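Notes follow the structure.
What follows draws every value from the coordinates through simple rules; no lab data is involved. These numbers come from a predicted model, not from an experiment. All Cβ positions, glycine included, derive from the backbone under ideal geometry; neighbour counts span all protein chains shown.
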Amino acid sequence: MTQARILVVDDDLNMRETLAMMLEMAGFNAAKAEDGLAARELMQSGDFDLVISDIKMPRMNGIELFTWNKQNKNIPTILITGFADIIETKEAFEMGVLEFLAKPFDNEEIMSAVMKTLETKKA
């Protein structure tokens, strides 16, 4: 089986690097982008199995990226945020986000969400 390609999008360098390293240690191929615009460019030039994106970012936020993704690529998405806003969460689920995690989350939570989302994609 080929390694799943996961795009990690977060304007926080430490969060982005930590998530990517955690995914790579679990056997995934991780790419990184510092905001939604950079992520969109990567998504246009490559195929990804999953996008993990922060919501609050400059230039293009996670909801805007997800909306573009849904219209153009339809890659399963997990949204993460340090601002666990109920309205954003509800909107994200209504739009089709499969998983939503509030920071801080632990390794088990993120890996569980990744596995669940990748399984949903296969089904």
How much length is gained on full extension from A102 to Q3, taking 0.36 nm per residue of separation minus their Cα-Cα distance?
-> 33.0 nm
Filtering the chain for DSSP H helices with an axial alpha carbon extent of at least 24 Å and a Kyte-Doolittle mean of at least -1.0 returns none
Calculate the dipole size of region 1-52 relative to its Cα centre from +1 charges on Lys and Arg beta carbons and -1 charges on Asp and Glu beta carbons; express the result in debye to the nearest 20.
-> 180 debye
Rounded to the nearest 20 debye, dipole of the chain from Cβ charges on Lys, Arg, Asp, Glu = 400 debye
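Return the inverse of the average 1/r over all pairs of distinct C-alpha atoms in the chain, which is the Kirkwood hydrodynamic radius, in Å to one decimal. Can you show the working numbers first?
Numbers: mean 1/r = 0.0710 Å⁻¹.
That comes to 14.1 Å for the chain.
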Within the chain, excluding any chymotrypsin sites (Phe, Trp or Tyr not before Pro) found in a DSSP loop (not H, G, I, E or B) and having at most 16 other Cβ atoms within 10 Å, the longest uninterrupted segment runs 1-82
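At R0 = 30 Å, how high is the FRET efficiency between K90 and M22 if r is their beta carbon distance? Nearest 0.05 is fine. Walk me through the numbers before you get to the answer.
Numbers: r = 28 Å, r/R0 = 0.92.
E(calc), rounded to 0.05, equals 0.60.
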